[in-house]
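*Asks:* Provided herewith is a single structure, encoded as structure tokens, for subsequent inquiry.
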Amino acid sequence: MIWQHTLKTALRGLKTHKSRSLLTILGIVIGITSIILIMSLGRGAQDLILSQIQGMGSLTIAILPGREAKSPTDVAQTLSDSLKEKDLRLLENKANVPDVKEIIPVVFGAETATYQSEIYHLTIFGSGASMINVFDLHPSEGESFSEEDVRARAEVVVIGSKVKEKLFGTDVAIGQKIRLKGRNFRVVAVLPQQGQSSFVNFDEVAIVPYTTAQQYLFGIKYYNRLIAQATSEKYLNQAAAEIKETLRQSHNITDPDKDDFNVQTQADIASRMKSVTTVLTLFLTAVAAISLMVGGVGIMNIMLVSVTERTREIGLRKALGATNKNIMYQFLTEAVTLTVIGGAVGILLGSVFSLIASILIIKFGGLAWSFTFPWSAAILGIGVSAVVGLVFGIYPARQASMKSPMEALRYE
Amino acid sequence: MEKEKIIEIKHLGKIYDNEGAKTEALRSVNFSIHHGEFVAIMGPSGSGKSTLLQILGLLDPATAGQYLLFGKNVDKLTDEEQASIRNNRMGFIFQSFNLLPKTTVLDNVILPLVYSGKPESDWESLALKAIDAVGLNHRLMHETSQLSGGEKQRVAIARALINSPEIIFADEPTGNLDSKSGAMVMKFIQDLNEKMGHTVILITHETYTAEHAERIIRIHDGEIISDAKVENRQRATGELKK
């Protein structure tokens with residue numbers, strides 16, 4: 001049997017029952033649309049997260065207290081106080097870590113800031129004087145605090161653009177005092193608007209010397225993070241290794257499995273985030289795939305009706321010389337044509353929806369989102385819908401092919 | 001010299017088993033049909049003549065006896081071989097036309113070619129020739145639902161002819177037609193036999209229609225009651241209106 005003829009017959013059959021065909025493929029359309037939408041948005045989210053992690057600077061190494069989390073419920077790492085001043089001093093010593101250019105401690109916590117009658121809940125970010133360089137922050141007004149301020153536990157603060165706006169409006173902030181935990185902090189600098197970058201939104205923070213934050217705000221002796229900068233990208237891994245070695249010596253650890261800290265480079269974080277978004281996308285895709293199954297059952301149902309309706313036609317074709325195989329291919333082609341058309345419509349709709357979603361995200365989310373046509377998802381979509389047609393079409397097609405020509409011709 | 005036997009049936013029987021209710025439709029039927037013959041199988045409804053046609057046309061197997069087609073026992077043929085014989089060596093004309101709905105005259109006539117393995121490039125010219133033979137050139141691209149009964153049956157004849165089969169089965173071909181259209185169809189069928197040399201097996205319940213054949217096999221309650229040459233053959237005089 002010639003394929004073109006089979007396809008032509010299939011299309012004619014579908015055209016004869018336009019609205020029925022349309023309703024039949026709806027399940028497939030919905031399934032493929034959601035898969036395309038999810039895969040496209042998942043991809044966009046992944047790109048966005050990765051670009052933000054890259055915004056952290058490719059030379060950055062983060063040192064976190066506690067061992068590496070073994071599972072999502074493993075909270076050991078966030079509850080640990082293993083990074084102490086002694087560690088900082090050792091890491092500041094170039095002899096221990098020749099490939100580390102800069103090391104700064106970070107402490108953070110939530111706090112309420114007040115200025116006159118204005119109240120704002122913000123994140124306190126306690127850090128060293130060199131954080132301006134490490135995080136690439138350039139105050140738009142004033143100057144950040146110095147090493148001297150850090151040593152003296154000065155009560156000075158650098159505020160993000162949103163903090164400035166909420167507390168001071170259009171007034172001058174530099175030189176004014178805001179209250180944090182009952183103490184007055186002098187505003188020395190204001191940061192320009194940055195948007196979300198890496199793990200902190202610097203628009204919504206108040207940066208103070210880490211010594212001040214430890215002593216007066218949080219009452220702790222440890223650090224939440226140590227952020228190091230490698231001398232060059234080439235020595236990034238070496239720098240990370242030196243840090244680990246130094247900390248192990250400092251903590252008297254011989255077995256790396258018993259580390260009470262963990263060192264992450266940007267690449268580690270990127271790969272971790274990537275696997276998170278991939279798993280999430282896969283999970284959502286699997287959910288969408290269920291609608292494909294339901295759609296497939298719909299196809300099977302309608303094909304069975306069609307086989308019964310066309311019993312006479314099947315008998316006639318057999319009388320004229322069609323073999324069982326010919327009849328089977330005819331009905332399979334019809335099922336696959338249906339699902340592939342459904343798949344194509346789904347790809348179109350999915351792409352349009354994800355394009356609209358990206359536009360909305362860019363417009364209202366203020367994120368650097370980019371829309372990419374998910375080619376791989378489109379090819380997958382067509383493939384999957386063809387397979388659905390084959391799988392759910394095979395039973396009705398077999399039923400059709402098994403009909404005896406005489407019985408089929410006698411059927412009224 | 002006697003002509004080649006193309007159909008030979010011996011003690012053919014058919015029992016329908018409808019969920020335990022057995023009906024004997026044919027009982028020990030014997031006859032032979034030679035190449036180029038025009039045979040009518042005649043009997044009232046329920047006589048078993050349609051069952052016989054279905055068995056002869058390889059649409060349904062017999063339950064007893066032997067059927068030799070072109071010298072071969074049909075029991076030994078696979079489904080594919082039977083389909084191929086139906087396609088290449090048999091043509092069917094049905095009482096109710098059995099044309100594909102919503103399909104043009106041309107595509108209906110092409111249908112047997114689709115399963116024939118003949119190159120697609122030849123399909124249209126073969127179909128045009130067959131349609132020309134039944135005088136329906138002007139209806140080529142019409143859908144079959146737009147045709148009159150007589151025209152529909154002529155499409156069916158063109159379809160039956162397309163693979164130049166040796167045997168043409170006509171099952172009550174005039175049953176759904178007015179007498180004028182019926183006469184024209186009978187003229188075609190007679191021409192198929194006399195001018196083109198096809199073996200024709202006609203099933204009918206009417207003596208008048210049966211008398212267009214050269215031999216009548218009468219069947220009653222599943223048994224042959226007579227098998228004789230027609231003395232005064234009817235000549236179909238249907239005129240083709242172009």
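*Asks:* Any chance you could give the angle, 0 to 90 degrees and rounded to 10, that helix A:324-360 forms with the longest Cα principal axis of chain A?
*Replies:* The two axes meet at around 30 degrees.
*Asks:* Could you pull out the trypsin sites (Lys or Arg not before Pro) across the stretch B:189-230 that fall in loop regions by DSSP (anything but H, G, I, E, B) with no more than 14 other Cβ atoms inside 10 Å? Spell out each step's value before the answer.
*Replies:* Working: sites: B:Lys195, B:Arg215, B:Arg218, B:Lys229; in loops: B:Lys195.
In loop regions of the stretch B:189-230 (DSSP not H, G, I, E or B), the sparsely surrounded trypsin sites (Lys or Arg not before Pro) are B:Lys195.
*Asks:* How big is the protein assembly as shown on each of its three principal axes, counting only the C-alpha atoms and giving the largest first in Å?
*Replies:* 134, 55, 45
*Asks:* At what distance in nm do the modelled label points of A:Ile119 and A:Trp3 sit from each other, each positioned 7 Å from its Cα along Cα→Cβ?
*Replies:* Taking the simple label geometry, A:Ile119 and A:Trp3 are separated by 7.3 nm.
*Asks:* Leaving out same-chain residues fewer than 8 places away, which aspartates and glutamates sit with a Cα under 13 Å from that of B:Lys102?
*Replies:* A:Glu313, B:Glu143
*Asks:* In terms of Cα to Cα distance under 19 Å, which lysines are near enough to A:Lys325, apart from those fewer than 8 places away along the same chain?
*Replies:* Correct list for A:Lys325: A:Lys8, A:Lys403, B:Lys118.
*Asks:* Take B:Asp122 and B:Ala21, extend 7 Å from each Cα along the Cα→Cβ direction, and tell me the distance between the two endpoints in nm.
*Replies:* Those two pseudo-labels are separated by 4.9 nm.
*Asks:* Using the scaling law 2.2 N^0.38 Å as the reference, what is the normalised Cα Rg of the stretch A:81-259? If you can, show how the numbers build up before the last one.
*Replies:* Values: Rg = 17.3 Å, N = 179, 2.2 N^0.38 = 15.8 Å.
Its radius of gyration relative to the 2.2 N^0.38 Å reference: 1.09.
*Asks:* Right, here's the next one. Over the stretch A:81-259, what is the percentage of antiparallel beta bridges among all DSSP beta bridges, to the nearest 5?
*Replies:* Restricted to the stretch A:81-259, the bridges split so that about 75 percent are antiparallel.
*Asks:* Just to verify a number: FRET efficiency for A:Ser271 and A:Thr112, C-beta to C-beta distance, R0 = 35 Å, to 0.05? Intermediate results must be reported in sequence, preceding the final value.
*Replies:* Details: r = 37 Å, r/R0 = 1.06.
Step by step, r from the Cβ atoms, then E = 0.40.
*Asks:* Between A:Gln176 and A:Glu148, what is the FRET efficiency for a Förster distance of 30 Å, r being their Cβ-Cβ separation, to the nearest 0.05? All intermediate terms of the calculation are to be shown ahead of the outcome.
*Replies:* Numbers: r = 21 Å, r/R0 = 0.71.
Calculated value: 0.90.
*Asks:* A 22 angstrom limit on the alpha carbon distance is what I want to check against. Which of A:Lys162/A:Lys363; A:Lys318/B:Lys22; B:Lys3/B:Lys187; B:Lys76/B:Lys195; B:Lys72/B:Lys129 exceed it? Numbers along the way, then the final one.
*Replies:* Values: A:Lys162/A:Lys363 19 Å; A:Lys318/B:Lys22 26 Å; B:Lys3/B:Lys187 24 Å; B:Lys76/B:Lys195 33 Å; B:Lys72/B:Lys129 32 Å.
Among A:Lys162/A:Lys363; A:Lys318/B:Lys22; B:Lys3/B:Lys187; B:Lys76/B:Lys195; B:Lys72/B:Lys129, the Cα-Cα distance tops 22 Å for A:Lys318/B:Lys22; B:Lys3/B:Lys187; B:Lys76/B:Lys195; B:Lys72/B:Lys129.
*Asks:* Now a separate question. Nearest 500 deg cm²/dmol is fine: what mean residue ellipticity at 222 nm does chain A get from its DSSP H runs of n ≥ 4 alone, each adding -39,500 (n - 2.57), divided by its residue count?
*Replies:* Numbers: 12 runs with 216 residues, N = 412.
The per-residue figure over chain A is -18000 deg cm²/dmol.
*Asks:* Moving to a separate point now. Take the Cα gyration tensor of chain B, multiply each eigenvalue by 5, square-root it, and list the three semi-axes largest first, rounded to whole angstrom.
*Replies:* Details: eigenvalues 164, 89, 61 Å².
In descending order the semi-axes read 29, 21, 17 Å.
*Asks:* For B:Phe38, what is the net charge nearby, where nearby means another residue's Cβ is under 10 Å from its Cβ and Lys, Arg count +1, Asp, Glu -1?
*Replies:* Numbers: positive: B:Arg215, B:Arg233; negative: B:Glu37, B:Glu194, B:Glu214.
Computed value for this residue: -1.
*Asks:* Still on this model: Report the FRET efficiency, 1/(1 + (r/R0)^6), for A:Glu233 and A:Asn201, where r is their Cβ-Cβ distance and R0 is 25 Å, rounded to 0.05. Before the final figure, lay out the partial values.
*Replies:* Values: r = 26 Å, r/R0 = 1.05.
Computed FRET efficiency for A:Glu233 and A:Asn201: 0.45.
*Asks:* So for the protein assembly as shown: antiparallel DSSP bridges make up what percent, rounded to the nearest 5?
*Replies:* On the way: 60 of 87 bridges.
Given both bridge residues lie in the protein assembly as shown, the antiparallel proportion sits at roughly 70 percent.
*Asks:* Could you work out the pair-distance distribution P(r) of the stretch A:231-282 from its alpha-carbon pairs, with 10 angstrom bin width and percents rounded to whole numbers?
*Replies:* All Cα pairs considered, the percentages come to 22, 38, 29, 11, 1.
*Asks:* Nearest 10 degrees, 0 to 90: what angle lies between the long axis of helix A:375-401 and the longest principal axis of chain A (Cα atoms)?
*Replies:* For A:375-401 against chain A, the angle is about 30 degrees.
*Asks:* Shifting gears a bit: Under a crude label model (7 Å from the Cα following the beta-carbon direction), how far is A:Ile290 from B:His220 in nanometres?
*Replies:* Here the modelled spin labels are 7.0 nm apart.
*Asks:* Can you tell me how much longer the chain between A:Ser376 and A:Thr308 gets when fully stretched, taken as 0.36 nm per residue apart minus their C-alpha distance, in nm with one decimal?
*Replies:* Values: separation 68, 0.36 × 68 = 24.48 nm, distance 3.81 nm.
Working it through step by step, the gained length comes to 20.7 nm.
*Asks:* Let me ask another. Note the full-extension length gain between B:Asn137 and B:Asp227 as 0.36 nm times their separation in residues minus their Cα-Cα distance, in nm to one decimal. Present the calculation step by step, with values, prior to reporting the outcome.
*Replies:* Working: separation 90, 0.36 × 90 = 32.40 nm, distance 3.95 nm.
Result: 28.5 nm gained on full extension.
*Asks:* Span-like helices, chain B: DSSP H, alpha-carbon axial extent 15 Å or more, mean Kyte-Doolittle -1.0 or greater, which ones? Don't skip to the answer; put the middle values down first.
*Replies:* Numbers: long enough: B:120-133 (20 Å, -0.21); B:149-161 (18 Å, -0.22); B:179-194 (22 Å, -0.18).
Long hydrophobic helices here: B:120-133, B:149-161, B:179-194.
*Asks:* If you filter the stretch B:37-146 for trypsin sites (Lys or Arg not before Pro), then keep DSSP loop positions with at most 15 other Cβ within 10 Å, what is left?
*Replies:* Details: sites: B:Lys49, B:Lys72, B:Lys76, B:Arg86, B:Arg89, B:Lys102, B:Lys129, B:Arg139; in loops: B:Arg89, B:Lys102.
Taking the stretch B:37-146 and a limit of 15 other Cβ atoms within 10 Å, the loop trypsin sites (Lys or Arg not before Pro) found are B:Lys102.
A short reminder: the numbers here are calculations on the coordinates, not readings from a lab. Because the structure is predicted, anything quoted here is derived from the model rather than measured. For neighbour counting, all protein chains shown are included, and Cβ atoms are generated from backbone atoms with ideal geometry for every residue, glycine included.
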